[in-house]
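Below is one structure, written out as structure tokens, with a few remarks after it.
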Amino acid sequence: MAVTNYEILDLTQDVTTTRTLLHESIPLTGTIISGTYGTFPSEDNIKNYTHGQFQSVYDYPYLSSSANHIFDISIGYDEASPLSGSPGVTLEAKKINMYNQFSQVLLGYTGSTNTVRKFELDLTLDEVGAMQESFFLNFSRLITKDQIKKGSVSITLGTGSWATPFAGTKVLTDVSASDTGGTTNTFGGDYGLLYSSDNVVRGLVFYQAGIAVLSTSSFDVMTDFLSESAGTKSVAQVFVSSSITGACDALRHRVQNISFNNTTEINSTIYFCRVPHNKYNHSSNPTYLSASTIRVKNVATDTPVAYITTIGLYSSQNELLAVAKLSEPLRKDPTNEITLRVRLDY
Amino acid sequence: MSLKKFGENDIILNTMRTYPKSEFFIFDSNIYYNDKPSQSGAFSAQADNVPSGHISLHEINTDRADGTNPFIYPFTYKQSSGFALSGSKTTDAYGTVISGSYPLSASITREFMATAGQRNTATNPDTGLTFQTTPVYPHFYALKNRLNFYGAISEHYKVSSSYGDKANQTINLTSIPSIFYGQKINPGSVRLDWYFTGSLIGTLEDTKQNGELIQTGPVGSTGSGSVAGVVLYNEGFILLTGSWALSSQTISLEAGAGPKNPSWIYWGAGAHDNVSTSTAGASYLTASSRLSFEGTNDIQVMTMFAHARRGEVNYSNNPTYIEYNQSLVEQTSSQIYLENNSRRIYNFASSSYTDYSASFERQVYVSRVAIYDDKQNLIGVATLSNPVRKKEDEDLTFKLKLDI
């Protein structure tokens, strides 16, 4: 692009910035969480690991390059939980470590005693109302983007029998959270409360971290949270005697629907490129001249005319950084002035 | 926490140029991209929810369908910032939800221009005279300036030259969306193959890297060594004008027309151009085409050297760095808050002997390096695959690479 002179942008008047929030609606139905890509609990879109500390859910058999990682599931309980030290316990250290890992990262430590905070079913973090046994749903950055939109989370859990889990359901929503309140800011970012329809807090959602922490209280009254050949187990028995993978399978069997909206911040810089009346009325396009005469002028007194097609943005060292193209050429002659608004999204 | 400033030799900016290869195979009105087989889904016929030969922009709506497993879709609210999705209306009230739809996809497209410069005609009702109106093939007119611009590289680009006037020729135009090649098609990497009944009857390559597509094979084939078309590397277009017969047999290659000899103007038939067995004829199945090329994609790489010099970076904020069961606060009252300044650091120096604790040695394990901007906002974190031990008398340098 031939440029013979440059217009210097006045940073106080010619440049401004804006921010836009773009959202995506993310529906995650229970059909992809269990039962579609194989026989429960060994579906092809569920990845288990030899370390047995969590389970990954994909939206398609994970061996395919088309598959996207959707979320991870894990469980854990605090070492002060009544379940801790129970007879017949399986993988207790891992379950306690998992709880501590999440709480340390998301909540940090208490003041002077330097102990890891516990999840609480309120927004106060006053060490009252601890949630000592938890399911963890760690959503992929692919679907949470910058953060989960506050007030948009809905998780439907089946509370029926093992055979017909969705004969009864419990819908958890972060109904009290919004952009202006209903959340608490802590190490892991803002978190809100997940209420069931009876207005009881059943979990937490960390918006920037993209993590939902569900209390086992949603399933406390059930005797068959899990049914297997050896018999049925309550949710407490599952936390004690089942592996983490087994507990995750049992939860997947009872997830009917998860939905939320994500948020992406789009920052824009707007450059106002001002074209004064006495400039840019000529073109350096080779076709502008014919036999050393300006084509658009018949006599010397005619005013020149040019058509603006492109705007180049240059650095302070006159390096071309970006080019903006007009949808159609814009006529410019000495009788008009133009301000072109160039918007750069990033 | 103290911050360290990068020196003038600690940050290097490089450009890494990559050449991603793309390959399309066209057969029976289907396009196969990079030989990727069709994958069926439990909810949708195609797992990636885009037709064969297409690339999905976000690839997040895998195996979804309306109803049982609905699509992820974008939306925003009408705001004063002026941001808009396709379909936004200026008459919408502020706060109106503006939604879009996924998946967004792209693929190559072929356009057969029987006489490229042809124009539609109309009759003046007053005079009864016929006059020319809009172009029949507006894409040809859109490319004329660009073709003449590249005429300095090769005479074959020019619309009108000693090789003829493209406006009067039949042109086979293939459009390649930029998502497949990035900044430009890599000169010298373009190859087009023409298969008839499974046998290769023609190959075009831009061996001169000047945009001319020269027939290079098979050896001794009709038209071998001739230029059959040109490539617009920066714009992603291939124009073929070679009309010589590559086979003496005739087959159906044009919708609504009779059998033709295979030639370069019929290469790629079936690539979203309405050519199929139903529109052309059953013998169309004997034709297949392949296109391969490399794109060009520049990746800016920032390399940062973060130095942890001896005597520095020798303390951890991890609570376990301090020996357990020591009082943090020495004195506190309404007037004073005094921390215990004699707390002991936990000694984790390795001993060479069993049942013997090594002498205290000041050391830390570096697990991550954080990058801050000039206003001390955290803008990036580099996490090491394994923590690196740093002793008091050691100099360490961490090399951080950031692809932009």
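Readers should treat all values here as calculations from the given coordinates under stated rules, not as data from a laboratory. Here the structure is a predicted model, which is why all the values come from computation and not from measurement. Every residue, glycine as well, gets a Cβ built from its backbone with ideal geometry; the counts of neighbours run over all protein chains shown.
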Worksheet entry | In nm, spacing of pseudo-spin labels at B:LEU129 and B:ILE179 (7 Å Cα→C-beta vector) | 4.9 nm
Worksheet, complete the sentence: Length-normalised contact order of chain B, Cα under 8 Å, at least 6 apart, in percent, tallies to 16 percent
Discussion item. Using Cβ counts within 10 Å as a stand-in for footprinting exposure, how do B:ILE214, A:ILE75, B:ILE238, A:ILE46 rank, fewest first?
Written reply: B:ILE214, A:ILE46, B:ILE238, A:ILE75
Worksheet item: Just how many % of Cα pairs in the protein assembly as shown lie over 52 Å apart, if you round to the nearest whole percent?
Response: 33 percent
Fill in: Quarter of the Cα convex hull surface for chain B, i.e. its orientation-mean projected area (nm²)
39.0 nm²
Practice prompt. Using label points projected 7 Å from each Cα along Cα→Cβ, tell me how many nm separate B:GLU8 and A:ASN336, to one decimal.
Written response: 4.9 nm
Worksheet item: Under 14 Å from the 7 Å Cα→Cβ point of A:GLU92, by amide nitrogen: which residues of the stretch A:231-250?
Response: A:239-242
Practice prompt. Before rounding to the nearest 500, sum -39500 (n - 2.57) across all DSSP H runs of length at least 4 in the protein assembly as shown and divide by the residue total; then give [θ] at 222 nm in deg cm²/dmol.
Written response: -2000 deg cm²/dmol
Discussion item. So, R0 is 22 Å and r is the distance between the beta-carbons of B:VAL219 and B:THR250; what FRET efficiency does that work out to, to 0.05?
Written reply: 0.35
Fill in: Whole-Å distance, taken between Cα centres, linking the stretch B:327-348 and the stretch A:239-317
56 Å
Worksheet entry | Net charge contributed by nearby residues that have their C-beta within less than 14 Å of A:GLY181 (K/R +1, D/E -1) | -2
Discussion item. Taking the 0 to 90 degree range and rounding to the nearest ten, how far is the long axis of helix A:92-107 tilted relative to the main principal axis of chain A, both from C-alpha atoms?
Written reply: 40 degrees
Discussion item. Can you classify the stretch A:13-73 as rounded, prolate or oblate using the Cα gyration tensor, where a ≥ b ≥ c are the square roots of its eigenvalues, rounded means a/c under 1.5, and otherwise it's prolate if a/b beats b/c and oblate if not?
Written reply: prolate
Worksheet entry | Additional length obtainable on full extension of the chain from B:MET302 to B:TYR346, 0.36 nm per residue less Cα span | 12.1 nm
Worksheet entry | Peptides B:106-114, B:388-396, A:292-300 ordered by average Cβ neighbours within 10 Å, highest first | B:106-114, B:388-396, A:292-300
Item to complete: Identify the GluC sites (Glu not before Pro) of the stretch A:119-178 meeting these criteria: DSSP loop state and at most 16 other C-beta atoms within 10 Å of the C-beta.
Response: A:GLU127
Item to complete: Estimate the FRET efficiency between B:LEU104 and B:GLN376 by the formula 1/(1 + (r/R0)^6), using the beta-carbon distance for r and 30 Å for R0, to the nearest 0.05.
Response: 0.20
Worksheet, complete the sentence: With the 8 Å Cα cutoff and a minimum separation of six or more residues, the stretch A:166-312 has a relative contact order in percent of 10 percent
Worksheet item: Size of the dipole of chain A about the Cα centre, Lys and Arg at +1 and Asp and Glu at -1 on the beta carbon, nothing else charged, in debye to 20?
Response: 980 debye
Item to complete: Take the Cα of B:ASN145, step 7 Å along the line toward its Cβ, and report every residue of the stretch A:321-346 whose backbone nitrogen sits under 15 Å from that point.
Response: A:324-332
Item to complete: Please work out whether the stretch B:181-293 counts as rounded, prolate or oblate from its C-alpha gyration tensor, where a ≥ b ≥ c are the square roots of the eigenvalues and a/c under 1.5 means rounded, while otherwise a/b larger than b/c means prolate and anything else oblate?
Response: oblate
Discussion item. Taking beta carbons within 10 Å but only from partner chains, what does the mean come to for residues A:18-29?
Written reply: 6
Practice prompt. Shielding by partners for B:50-63, please: the mean number of other protein chain Cβ atoms within 10 Å of each residue's Cβ.
Written response: 3
Discussion item. I'd like the orientation of helix B:138-149 relative to chain B: the angle between its Cα long axis and the longest Cα principal axis, in ° from 0 to 90, rounded to 10.
Written reply: 70 degrees
Worksheet item: What whole number of Å gives the distance from the Cα centroid of the stretch A:220-237 to the Cα centroid of the stretch B:13-78?
Response: 42 Å
Discussion item. Just want to confirm a number: the relative contact order over chain A, from Cα pairs under 8 angstrom separated by 6+ residues, in percent.
Written reply: 19 percent
Discussion item. As an exercise, identify the trypsin sites (Lys or Arg not before Pro) in the stretch B:26-104 lying in DSSP coil whose Cβ has no more than 15 other Cβ atoms within 10 Å.
Written reply: B:LYS89
Item to complete: Starting from the Cα of B:ASN34, step 7 Å along the direction of its Cβ; do the same at B:ARG389; then give the gap between the two resulting points in nm.
Response: 4.3 nm
Fill in: Estimated FRET transfer efficiency (B:LEU328, A:GLU127; beta-carbon r; R0 22 Å; 0.05)
0.80
Response to the item:
Yeah, the stretch B:1-88 with a ≥ b ≥ c from its alpha-carbon gyration tensor (a/c under 1.5 is rounded, else prolate when a/b outruns b/c, oblate otherwise) is oblate
Fill in: Size of electric dipole in the stretch A:150-268: Cβ of Lys, Arg +1 and of Asp, Glu -1, about Cα centre, debye, nearest 20
160 debye
Practice prompt. Go through the stretch B:156-161 residue by residue and turn each phi into a ³J(HN,Hα) via Karplus (6.51, -1.76, 1.60, θ = phi - 60°); whole Hz please, and just put x for glycine and proline.
Written response: 5, 6, 4, 5, 10, 8
